[in-house]
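Trainee: Can you keep this structure in mind? I'll have questions shortly.
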């Protein structure tokens, strides 16, 4: 049997089962298609409920509450108040929020119990167009939020658990000195010197974007910057290169003021605004699109390794909690090979060395 259009709006009968199928306009309100089973009375009841929710949503004032119990939006609201979320590091909460808001946008009105493994597999396939790492991070949040629903008795399983995800290749991109110089020159030419300073600071201290953007003048003593990492709580003190320290000393502001400020707002950079401007400068300069700000942390660690710094010395700068993580960040390169050969040759020259 094909598709049978029923008298209840958006209710369809397809291949022996009933489905609620929203139009594209209704989807923009945050509704998704929902399978309603083979029982007609139950399907009609659920379809009418969903149609009523659509009308409520259409009449709702922007910003007004609209979290129907049992929906994904309601589940996410509960999760945000739970210690499993509130006890996460601030930076982790922010990364979760990016995905949670997107889930709310595309599935906020969908019943928690209506989410199927097939829905998640389809979502994962669509997300892969944005990159395997992005797709995997989104599906991990789906697993967390549906696991929360299971724990809270809102459904009897977690369809995201065990979903096969393609492991993306580990990221190995580092900036070359030419790319750093090119980007900084382009940022200054575009009247965005703060982005040039952000890149040089990140390369100098090897910290995450959020911690770099959050730096205040009170954390700079004329020689070094001191900070507590938002992700791990680790306290870090990193001396700056003399030229960069002198530049900051000449521009030093009030202790509570941000070192990095947007030229358009005069305020500290917001992460989304910064990300947009960074991409605009990079693309306008003709630099590769795979060049990302986060790669500066890896670049700093790699440069330290190439200079002969030990794992513990690198950790003292980057704040990594274990040597094994440092090994992931430091990418072996020609400089390290050259250093190794020089050390071997020096060792051969010592008395008693094997020749």
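The values are calculated or read from the model by the stated rules, or taken from the named source; none is laboratory data. Computed from a predicted structure; not experimentally measured. Note that each Cβ is placed from the backbone with ideal geometry, even for glycine, and that neighbours are counted across all protein chains shown.
Trainee: Need at least 2 residues that are closer than 26 Å to residue 35 by Cβ per element, so show me which helices (runs of 4 or more DSSP H) inside region 73-141 make the cut, counting only ones lying wholly within it.
Mentor: On the way: elements: 83-86, 90-107, 117-127.
Once the helices (runs of 4 or more DSSP H) in region 73-141 are filtered for at least 2 residues that are closer than 26 Å to residue 35 by Cβ, what remains is 90-107, 117-127.
Trainee: So, of the residues in region 182-209 that are in a loop (DSSP other than H, G, I, E, B) and within 20 Å of the chain's Cα centre (by Cα), which turns out to be surrounded by the fewest Cβ atoms within 10 Å (Cβ to Cβ)? Before you say what the answer is, go through the steps one by one.
Mentor: So in region 182-209, the residues in a loop (DSSP other than H, G, I, E, B) come out as 190-192, 206-208.
Next cut, within 20 Å of the chain's Cα centre (by Cα) only: 206-208.
Values: 206: 24, 207: 26, 208: 20.
Among those that are in a loop (DSSP other than H, G, I, E, B) and within 20 Å of the chain's Cα centre (by Cα), it is 208.
Trainee: Report yes if residue 90 is surrounded by fewer than 18 Cβ atoms within 10 Å (Cβ to Cβ), closer than 30 Å to residue 202 by Cβ and not assigned by TED's automatic domain parsing to the domain that holds residue 36, otherwise no.
Mentor: Yes; evaluated as a whole, the condition is true for this residue.
Trainee: Of the conditions (1) assigned to a helix (DSSP H, G or I); (2) at pLDDT below 95, residue 163 satisfies every one except a single condition; which number is it?
Mentor: (1)
Trainee: Oh, and also: State whether one or more residues within region 54-69 are assigned to a helix (DSSP H, G or I) and either closer than 19 Å to residue 158 by Cβ or touching a strand residue (DSSP E or B) at 6+ places or on another chain (Cβ under 8 Å) (or both).
Mentor: If we filter region 54-69 for residues that are assigned to a helix (DSSP H, G or I), which is where we start, we get 54-59.
With either closer than 19 Å to residue 158 by Cβ or touching a strand residue (DSSP E or B) at 6+ places or on another chain (Cβ under 8 Å) (or both) added as a condition, the list becomes none.
Looking for residues that are assigned to a helix (DSSP H, G or I) and either closer than 19 Å to residue 158 by Cβ or touching a strand residue (DSSP E or B) at 6+ places or on another chain (Cβ under 8 Å) (or both), one finds none in region 54-69, hence no.
Trainee: Check 121, 107, 135 and return the single one that is farther than 28 Å from residue 211 by Cβ and surrounded by 16 or more Cβ atoms within 10 Å (Cβ to Cβ). Let's see the steps before the verdict.
Mentor: Details: 121 fails: surrounded by 16 or more Cβ atoms within 10 Å (Cβ to Cβ); 135 fails: farther than 28 Å from residue 211 by Cβ.
After applying the criteria, what remains is 107.
Trainee: Can you tell me which of (1) over 16 Å from residue 263 (Cα atoms); (2) in contact with a strand residue (DSSP E or B) (Cβ under 8 Å, 6 or more places away or on another chain); (3) modelled with pLDDT of 95 or more is the one residue 194 doesn't meet?
Mentor: (1)
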